[in-house]
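All remarks here apply to the structure that follows.
Nothing in this text is a laboratory measurement; each read-out follows from the coordinates by a stated rule. From a predicted model like this one, the values you see are computed outputs, not experimental measurements.
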Amino acid sequence: MSSELEPPNSLVVSLASYIWAGLGSPKVAERWQYAHVIRSVVELNWTKLLEALVVRAETGTATPFVDERLEFYVWHAYQWLLIGLARGGLLNPTGLRAAIPLLQH
């Protein structure tokens, strides 16, 4: 088995990769559901998960959950991550602290 297909050692990093993959889904209904997950992460102030999601966004990878050769995954994931962040930030603006570097970029 290729080392690229091995899941990350951290549960939070694995969850972030799975969520990132869902944000990039080719199905709009799935992307919308994962945007709500992001909204909930912000509202609950789950900093560790949001930090791991920011790393996924900065690297554009969600190995082993996504085929890295398909660029639409990354563009969809960025768009729906930002939608989720915006919606979560309406109720808990301080929950966005971990995403500040990404948002400034």
Contour minus Cα-Cα distance for Asn9 and Thr94 (0.36 nm per residue): 27.7 nm
Net length gained if the chain between Val55 and Ala86 were fully extended (0.36 nm per residue, minus Cα distance): 9.4 nm
